[in-house]
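The structure appears right after this line, and notes come after that.
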């Protein structure tokens, strides 16, 4: 009887905690040498859609995205770019056809993206956890 009650209580606790466990905050990160102290989601969107090629401080922006199909990419597309993956494919198809512009390069995981940002003065990326590399800093946290 006690074990049955314990199992039910554990089930309900897990059910109540599930939304918090599935949440995927994103950390918008840049190279530590970049003098920016903050950035808005709108500015990030403009950089990733190649509507602007520079940060506000004049540094050339080099965006890198998470891999296709990843939860981080889906969250970033929805929360920052305000687009679905299908809408982005259409957008980039038009851009490539009309002017040869290509979407931002893609990293395989957080570690690869963090390394790219640390190695490039104008690097900007998004991670699923706070950066570990001392040459990378967080400018914005996007809550899911």
Fewest-first sequence of 124, 64 by Cβ atoms within 10 Å of each Cβ: 64, 124
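Sort the following peptides by mean Cβ neighbour count (other Cβ atoms within 10 Å, averaged over residues), highest first: 32-44, 126-138. Provide the component values of the computation, followed by the final result.
Numbers: 32-44: 14.8, 126-138: 16.5.
Result, highest mean Cβ count within 10 Å first: 126-138, 32-44.
Read the figures in this text as sums done on the coordinates, not as results from a lab. Since the model is a prediction, treat every value here as computed from it, not as a measurement. Neighbour counts run over all protein chains shown; Cβ positions are idealised from the backbone, glycine included.
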